Amino acid sequence: MIANKTLPGIVVALGVAVVATAPATAQTVTDHVTFSVSDFGSFPSATPPYDPVAGAFTITFNPLDNYVNQTSGITLNSLNLPLDSAISFNYCAAATCTPSVGDTITAGTLQIGGIADGAGLVVYSPATNDFVMTINTFASSPSFQNLTYANVSTGNFVFFTTQSSTSSLSVTAVPEPADLTLFGTGLAGLGLYAWFKRRKAPADLAIA
């Protein structure tokens, strides 16, 4: 009788304890990002071949580290712009960072773009299919700053950039496999507790 009455409590305690062992703050995070940006102007005057610009990417990084022209840890899932090079990113964890000459970003800034001239710059002479998008305070409260792109079809010395842009930005955290395992273990413990409770004998209830 005593064993039957105390076992459910032990199971629940173990389940809660396992969930509680998960790190309070994970160092490496994975985010899925979707975006759509419109209202592009050009320099010099030309008709933007893509407006809006839309896409999605998945990124894994440590918000406490700096990254420069990083190609691993980022996957471009979709993009309606042509891109001639691999996707890459810059991320600044310090007060300010200078990932390339003439390009300074502040703490929490994420830049993604082609690697042709670095993640934070666009090659437009000679013309390339290249882009860069900047997101402020990415790890805490992401907000779109700007997007600039070049396109071979418009020729040399022409690039397109957001003006008073209309943007849609969605950042969704992707659970780490270890977190899912711990969460599942906790749920299993609660399930066992419910099972034992349903099987409790009437004599047990009388003793309580």
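Each value in this text was obtained by applying a stated rule to the coordinates, not by laboratory testing. Computed from a predicted model, the values in this text were never measured in an experiment. Cβ atoms come from the backbone with ideal geometry, glycine included; neighbour counts cover every protein chain shown.
Scanning segment 48-85 for residues that are in a loop (DSSP other than H, G, I, E, B), over 19 Å from residue 144 (Cα atoms) and either in contact with a Gly (Cβ under 7 Å, 6 or more places away or on another chain) or without any contact (Cβ under 8 Å) to a residue 24 or more places away in the chain (or both) yields 72, 73, 83, 84, 85.
Set side by side, the residues 74, 115, 105 differ, and just one is of a type in the set (A, V, I, L, M) and within 17 Å of residue 30 (Cβ to Cβ), which is 74.
In this structure, is residue 44 exposed (fewer than 15 other Cβ atoms within 10 Å of the Cβ) and in contact (Cβ under 8 Å) with a residue 12 or more places away in the chain? Answer is yes for this residue.
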